[in-house]
1. How high is the relative contact order of the chain, in percent, with contacts defined as C-alpha pairs under 8 Å that are six or more residues apart?
2. Suppose R0 equals 35 Å. What FRET efficiency, 1/(1 + (r/R0)^6) with r the Cβ-Cβ distance, do K97 and N230 give to the nearest 0.05?
3. I'd like the distance between the alpha-carbon centres of the stretch 156-177 and the stretch 198-250, rounded to an integer number of Å.
4. Full-extension gain between R293 and E419, please, as 0.36 nm times their residue separation minus the C-alpha to C-alpha distance.
5. Nearest 5 is fine: what % of DSSP beta bridges in the chain come out antiparallel, could you say?
6. Within a 10 angstrom radius of the beta carbon, how do L417, L215 rank from fewest other beta carbons to most?
7. How would you rank 185-192, 114-121, highest first, on the average number of other Cβ atoms within 10 Å across their residues?
8. Ranked by Cβ crowding within 10 angstrom, fewest neighbours first, how are T437, T57, T405 ordered?
Amino acid sequence: MFALPRFLRHHLALLVSLLALTQTGLLKADAPRNVLFIAVDDLRPELGCYGAAYAITPNLDRLARQSLLFTNHFVQVPTCGASRYALLTGRSPARSKVTSNNHAFYRGDSALNAEQQPGAQSLPELFRRSGYETVSIGKISHTADGKVFAYDGSGDGRDEMPHAWDRQPTPIGPWKRGWGIFFAYSGGRHREDGNGNIDLMEFTVERDEDLPDGLIAQQAVRELEQFAQNDKPFFLAVGFIKPHLPFVAPRQDWDAFANVDIPLPEHPQQPDSPWWHGSGEFFKYTFPFDKTRPLSEEKIRACRRAYLACVRYTDRQIGRVLDALRQTGLAESTVVVVWGDHGWNLGDSRMWAKHTPFERAVRSPLIIRVPGMPTAGQQTSALAETVDIYPTLIDLCEPRFTQTTHPLDGRSLRPVLEEADASVRDAAISYWRNGITVRTPTHRLIATRGKKGFTDIELYDASTGFDPVRNLAEDHPDVVDKLLMKIP
């Protein structure tokens, strides 16, 4: 019997699914939906599709026109490893106690068991045990290639997430090991190679593949081309590194902003808060100018330009992957999620960092595209947490294996994907060490948990974009009490 090419089968499946509109509003899939999950490190919602006209992000903007864009998505923890632990295990820090540990996957009480458990310990493991081919490229868990190695190269190289991936074909290039690609400069140099490479920014190379994110995109394209040759559903996770420090991208990305008016932070003043810190990671790099603090307006603009140049570079790599998804005929059978692992203070509150419960550090982009979705091209102000992604993907893809080692703490966002005005929660809660922050549509509460209750209460409202400008806690004790009640 004559077999149709896969891309034709996908288009026929789409036509069939168009006739199978469910009562809930989202189109029912006749076959298992694939998942393309894209993580971006240190990405704040400063993109064209989020209203930043000066940002150059045409590919993410194009995806947003086909997706539902969440304007109020908040991570569980404003640091890479702990945020990704919450995402991939579906566990809130209220249960896991992981409020800052970047090594939570493989160290301490939270470590994933090397022996396979009756239930899945992670999101990709659940899909793998449902018959999906699971592939991870780049930084998805904490380490830059999913292998347990420290910055200095020590470690045994075991999988950071056991039983999760069929393959982890992260390209290392001339950087020799995983953490090398994370702190990479051109030509195989990196921050941890012992040669004193600590420049804050470098924009010298001409080709995207001269830096790790270009190689990661290239490998992702190859994987999609391979998936198109068989009928097995896939879960492809692609983790891009930039705009994480150091700010390194091709020359064209720096040059693209030569005539762009990059705004200064709206609230650059240092707040009176115990959660302000001196951005030690940022200032340990070597600057191309004197880094006397506070930075001048000219230098602030230069640093913001460097960050935006890295975002432009990553946007281009995301575009390559999305183009391949479409060209292989896989787009109409694949759920796409783009997620930022946390935000970043870019001179806001006189900080250049995450590692704080402030709004800028815990708010990040979330863009979800589902084939046939009724909310394509819309935005939603519905509150969402990172832990909501795990149950959402189960709801959308209906994998056959659904048993988990621990209960999932998130809520499926499917009602919001069906109706942008819907909501699944009235508050989003984030954690940083012994600090807890509660965000509602109108306020952000920050409180420090001590042995005798909560101290250092801070309350901010939408009038200043939830930045820590005016602490309203004493003026609105009723609001404080109401938000404290939302903390688990």
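1. 25
2. E between K97 and N230, to the nearest 0.05, is 0.25.
3. Their Cα centres are 14 Å away from one another.
4. Length gained between R293 and E419: 40.7 nm.
5. Of the beta bridges lying entirely in the chain, close to 50 percent run antiparallel.
6. L215, L417
7. Highest mean packing first, the order is 185-192, 114-121.
8. Ranked by crowding around the Cβ, least crowded first: T405, T57, T437.
A short reminder: the numbers here are calculations on the coordinates, not readings from a lab. Not measured: the values here are computed from a predicted model. Ideal geometry is used to build each Cβ from the backbone, glycine not excepted, and the neighbour counts take in all protein chains shown.
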